[in-house]
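As structure tokens, the structure follows; a few thoughts come after it.
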Amino acid sequence: MKTLLNLIWLVLSGFWMALGYAVAGVICCVLIITIPFGIASFRMASYALWPFGRTLVDKPSAGAGAVLGNIIWLVVAGWWLALGHLVTGFLLCVTIIGIPFGVANFKLIPVSLLPLGKQIVET
């Protein structure tokens, strides 16, 4: 069932959202000082591409650097990605079949705003 959900997700919104994260990651990696943001963005791109069967948990070793990084990320790129999830989720909720995928998009909004200090694990 997870594979079927992931395939439908990939077609409806996963590819476009992962592409958005990948573009943000490339931009962050071009600038030397923002490479940690680029790495987090690529991690989130893989999660946005194939989310069902995986979840995000807080990383226990995250500290003040992650908090500061999340504030910078929120201002620079996080709100754009969150807006993408919001619009995509709304458009998916217009149809009955798309409602579960729209809800999944809404669940990705908090992590698109604050990705540092999170870890992707299998469920």
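The values are calculated or read from the model by the stated rules, or taken from the named source; none is laboratory data. All values derive from a computational prediction rather than experimental measurement. Don't worry about glycine lacking a Cβ; one is built from the backbone with ideal geometry, like all the others, and counts go over all protein chains shown.
Take segment 32-74 and flag every residue that is of a type outside the set (Ser, Thr, Tyr), touching a residue at least 24 places away in the same chain (Cβ under 8 Å) and more than 12 Å from GLY117 (Cβ to Cβ).
Residues satisfying the conditions are PHE37, MET44, ALA45, ALA48, LEU49, TRP50, PRO51, PHE52, GLY53, ARG54, ILE72, LEU74.
Hey, among LEU10, LEU4, which residue is touching a residue at least 40 places away in the same chain (Cβ under 8 Å) and part of a helix (DSSP H, G or I)?
Result of the check over LEU10, LEU4: LEU10.
Might you let me know whether segment 46-53 holds any residue that is under 14 Å from ALA24 (Cα atoms) and surrounded by fewer than 16 Cβ atoms within 10 Å (Cβ to Cβ)?
yes
Test of understanding: among GLY38, GLY69, GLY78, which residue is in a helix (DSSP H, G or I) and farther than 17 Å from VAL23 by Cβ?
Exactly one residue qualifies, and that residue is GLY69.
Would you check which residues across segment 17-34 are surrounded by fewer than 18 Cβ atoms within 10 Å (Cβ to Cβ) and at pLDDT 90 or above and list them?
Correct list: LEU19, VAL23, VAL26, ILE27, CYS29, VAL30.
Please verify whether ALA82 is free of Cβ contacts under 8 Å to residues at least 40 places away in the same chain and either surrounded by 13 or more Cβ atoms within 10 Å (Cβ to Cβ) or over 16 Å from the mean Cα position of the chain (by Cα) (or both), treating the condition exactly as stated.
yes
Among the numbered criteria (1) of a type outside the set (D, E, K, R); (2) over 22 Å from LEU31 (Cβ atoms); (3) touching a strand residue (DSSP E or B) at 6+ places or on another chain (Cβ under 8 Å), which one does LEU86 miss?
Just one mismatch for LEU86, condition (3).
Just the residues that are in a helix (DSSP H, G or I) and either in contact (Cβ under 8 Å) with a residue 60 or more places away in the chain or of a type in the set (Asp, Glu) (or both), please, taken from segment 90-99.
LEU92, the sole residue that qualifies.
Within segment 53-62, is there a residue that is closer than 25 Å to GLY102 by Cα, in contact with a helix residue (DSSP H, G or I) (Cβ under 6 Å, 6 or more places away or on another chain), of a type outside the set (Phe, Trp, Tyr) and not in a loop (DSSP other than H, G, I, E, B)? Reasoning before the result, please.
The initial filter retains those residues of segment 53-62 that are closer than 25 Å to GLY102 by Cα, namely 53-58.
Okay, now just the ones that are also in contact with a helix residue (DSSP H, G or I) (Cβ under 6 Å, 6 or more places away or on another chain), so 53, 56.
Narrowing the set further to residues that are of a type outside the set (Phe, Trp, Tyr) leaves 53, 56.
With not in a loop (DSSP other than H, G, I, E, B) added as a condition, the list becomes 56.
Within segment 53-62, one or more residues are closer than 25 Å to GLY102 by Cα, in contact with a helix residue (DSSP H, G or I) (Cβ under 6 Å, 6 or more places away or on another chain), of a type outside the set (Phe, Trp, Tyr) and not in a loop (DSSP other than H, G, I, E, B).
Please work out which residue is surrounded by the fewest Cβ atoms within 10 Å (Cβ to Cβ), limiting yourself to segment 96-123 and to residues that are under 9 Å from the mean Cα position of the chain (by Cα) and not polar (S, T, N, Q).
Looking at the filtered set, the residue picked out is PRO110.
Kindly list, by first and then second residue, each pair from a residue in segment 108-123 that is at positive phi to a residue that is not small (Gly, Ala, Ser), limited to pairs with Cβ atoms under 8 Å and residues at least 6 apart or on different chains.
GLY117/ASP58; GLY117/LYS59; GLY117/VAL67; GLY117/ASN70
So THR34 ticks every box in (1) of a type in the set (S, T, N, Q); (2) within 24 Å of THR123 (Cα to Cα); (3) more than 13 Å from the chain's Cα centre (by Cα) but one. Which box is left unticked?
All conditions pass for THR34, except number (2).
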